[in-house]
Amino acid sequence: MNLSDALGDWPGGNQSGGGGAWPGQNNNPTWPAGQPTNPTWPGGQPTNPTWPGGPSQPSAPGGWPSAPSQPAQPSGPGWPSGPSQPTNPSWPSGPSQPTNPSWPSGPSQPTNPSWPSGPAPAPAPSPSFPVAPQQNLSVPFQKDFPSGLYDKMLITIAGTVKNNPNKFIIDFYAGSELVFHFNPRFNENGRQVIVRNSEIGKKWGKEERDLPHFPFRSGQGFEIKIMVTNHSFKVAVNGSHLLEFKHRYSNLRAINRMMLYHDVTLSKFNVENLP
């Protein structure tokens with residue numbers, strides 16, 4: 001066979017004569033113009049079933065990507081868009097997934113007691129610790145007044161005198177200045193007396209001792225009320241007015257601490273404002 005015979009029916013030859021092997025091939029834009037001169041291409045090549053553009057290609061077995069049998073692939077169990085895929089329990093959008101107890105949005109999840117938002121895990125009742133009343137407060141006792149003292153401030157102190165007492169003391173301080181010293185003494189040379197004084201500028205002032213009676217008893221309870229006014233400390237014991245100590249230190253707001261010492265036990269301490 002010579003070269004002209006081999007090219008007689010090729011797209012570059014008499015195409016209008018209907019060589020028959022390549023219908024519609026003459027308008028193929030991707031075919032190079034010099035291709036028909038390839039001497040090694042047999043004239044019967046277009047019938048090769050594996051050629052992508054060949055007319056018999058659709059009948060090729062399913063190994064070619066565009067083969068008609070390829071669309072059956074989605075029915076495979078491993079294909080993402082396959083119709084049977086949603087039934088896979090490990091697939092996030094599967095219809096049966098919400099029943100998995102480990103799935104966050106599952107309907108049965110709230111019953112899991114370890115789930116934070118579940119209605120079932122009612123918090124265990126925390127042990128209740130009752131607020132202890134101010135009973136048996138330790139002595140020595142200190143009370144700070146960060147804002148100082150002021151007019152119509154009422155301080156209540158309740159407790160019990162110890163058996164065989166010697167004395168007890170209530171002191172009010174402005175910094176290091178002792179502005180009011182209240183000192184009941186149960187046996188001062190055989191006498192019972194309440195000494196009142198102040199120590200300002202490291203100097204003791206004049207003692208005040210006179211009283212109509214001594215209200216405290218060994219082993220018995222007591223209640224002291226100290227009312228602060230702009231002019232003095234007024235002291236009542238067991239509901240009766242006992243004495244008044246005029247201020248020797250005028251800046252009440254600077255009086256910021258009270259101390260209680262010695263032979264009493266303390267069961268109550270309270271501060272309130274009188275109308």
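Throughout, read-outs are computed from the coordinates displayed, never taken from laboratory work. The shown structure was predicted, so the numbers you read here are calculated from the model rather than taken from an experiment. Every residue, glycine as well, gets a Cβ built from its backbone with ideal geometry; the counts of neighbours run over all protein chains shown.
Quick look at the values:
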item	result
Cα-only radius of gyration and Dmax that characterise segment 183-224, units Å	12.5, 37
Projected label distance in nm at Leu274 and His241, using a 7 Å step from Cα toward the beta-carbon	0.9 nm
Segment Asp144-His262, length gained on full extension (0.36 nm per residue, minus Cα span)	40.6 nm
Above-threshold pairs, the threshold being 29 Å between Cα atoms, out of Lys167/Lys203; Lys162/Lys202; Lys203/Lys246; Lys167/Lys225	Lys162/Lys202
Computed E for Ile200/Gln220 - FRET, C-beta separation, R0 30 angstrom, nearest 0.05	0.35
Spatially proximal aspartates and glutamates relative to Lys234 (Cα-Cα < 17 Å; intrachain offsets below 8 disregarded)	Asp151, Asp171, Glu207, Glu208, Asp210, Glu223, Glu244, Glu272
Efficiency of FRET between Arg191 and Arg253 - r from beta-carbon atoms, R0 41 angstrom, step 0.05	0.65
Amide H within-cut-off set for Ser267, under 5 Å, with H built and near neighbours excluded	Asn136, Leu137, Ala158, Gly159, Thr160
Extension reserve of the Thr160-Glu208 stretch, reckoned as 0.36 nm per residue once the Cα distance is removed	14.8 nm
